[in-house]
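The values are calculated or read from the model by the stated rules, or taken from the named source; none is laboratory data. Note that the structure is a prediction, hence the values are computed from the model and not measured. Positions of Cβ are generated from backbone atoms using ideal geometry, with glycine treated the same way; all protein chains shown enter the neighbour counts. These accessible areas exclude ligands, DNA and RNA; they are computed on the full protein's heavy atoms, side chains included. Shrake-Rupley method; radii C 1.70, N 1.55, O 1.52, S 1.80 Å.
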Amino acid sequence: MTLVCDINAGRESLSRLIDMSRQCIVFTGAGMSTESGIPDFRSPGGIWSRMAPIEFDDFVSDEAIRLEDWRRRFEMNEQFLAAKPNAGHIAIATLAGQGKVAAVITQNIDGLHQRAGCARESVIELHGNATFGACLNCGTRHELDEVRAIIKRSGTSPRCDSCGGLVKSAVINFGQAMPVEAMERALQLAESCDLFVVAGSSLAVQPAASLPLVAERQGARLVIINRDPTPLDDAAELVLRGNIGDFLAGIA
Ligand code: NAD
C-alpha cells in the first residue's frame, strides 16, 4: 500500500495510473456526493446516526412502515434534486467522455453521475435509483409525483395499476435481493479491468464492497480515495486520504 496524503502528489500518481490503464473502472459510494451536500451513512452526522434503515421484509409486511419508507424517500429525493454534481462527479464524467474511464459502478441512488454528464449506459447502479418507484411484482415504473398524490388522496401506500403489486422506491433496501443484471455487469467489469478506483466508500456494504477485491485478485491495480480508512486499504496500490474533489479536480 502507498498512502499519499499530499494532494498534488496524489493527483499526479492517480493521473499516471489512469493514463497507463487499458480499462479503468470507477466505483463510488455515498462519500462521492457529500461535497454536493448529500450526507453519507457512516460519517458522524450521517444518515444512520439519525434513523435506522428500513428492512425489505418489514416494507412488504407492514403498511405503516411502507408509508414511513415513502415519507423518507420523498424527503431524500427533494435533497437529491436540489443537489448539483460536484467537482469529483464532473471530473469522472469528463474522464469517461475522454475514454479514460470505461464505466462507473455506483452504490449511490442520487443520479448525480448521470447529471454530471456520464452516459446512462456507462453507469451501473448497484443499489437502484431513488428518483422513481417500481412495482415489486412486475417492475412497472411509477413516478414519484403520482405516488405522492395517491398517498395524499387515500392515506395508503400505492399498488401497481397493471398487476396490483406493491410499489416501492426503485432502490435496494437492506434484506432485498441485488439487481441481477447490474451485479453481473459490475462483476464482469471487475474481472476484466486493469485499474479499479474506489471513491467515497467505507467498503462496508456487501456484496458491492467485494468488487474491489475481485479486481485486485485478478491483477488490476486498486486505488482508494476516501476520507477514512477502509478494510481494503492494505490491498490497494495507492490510498488517497482526503476529499475526492481535491484529488480528482484538475486530473481530467
Ligand atoms: P458510507 O456512508 O458507508 O461511507 C462513505 C465513506 O465516504 C466514508 O468512509 C467517508 O469517510 C467517505 N467520505 C465521505 N465524504 C467524502 C469525501 N468528500 N471525500 C472522500 N471520502 C469521503 O457509504 P457507502 O460505502 O456508499 O455505503 C452506504 C450505502 O449508502 C450505499 O449502499 C449507498 O447506496 C447508500 N447511500 C447513498 C447516498 C447517495 O446516493 N448519495 C447517500 C447516503 C447513502
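Overview of values
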{"item": "Selection count, segment 75-96, where residues are within 13 Å of Val26 (Cβ to Cβ) and either among the small types (Gly, Ala, Ser) or open to solvent by less than 50 Å² (accessible area, probe 1.4 Å) (or both)", "result": "7"}
{"item": "Qualifying residue in segment 16-30 (condition: surrounded by fewer than 21 Cβ atoms within 10 Å (Cβ to Cβ), within 18 Å of Asn108 (Cα to Cα) and in contact (Cβ under 8 Å) with a residue 40 or more places away in the chain)", "result": "no"}
{"item": "Failed condition for Val104, given (1) assigned by TED's automatic domain parsing to the domain that holds Arg66; (2) buried (at least 19 other Cβ atoms within 10 Å of the Cβ)", "result": "(1)"}
{"item": "Pair list, Cβ under 6 Å, 6 or more apart: segment 128-140 residue under 16 Å from Ser157 (Cα atoms), other residue basic (Lys, Arg) and crowded, with 18+ Cβ neighbours inside 10 Å", "result": "Leu136/Lys168"}
{"item": "Single condition Glu55 does not satisfy, out of (1) loosely packed, with under 13 Cβ neighbours inside 10 Å; (2) in contact with a strand residue (DSSP E or B) (Cβ under 9 Å, 6 or more places away or on another chain)", "result": "(1)"}
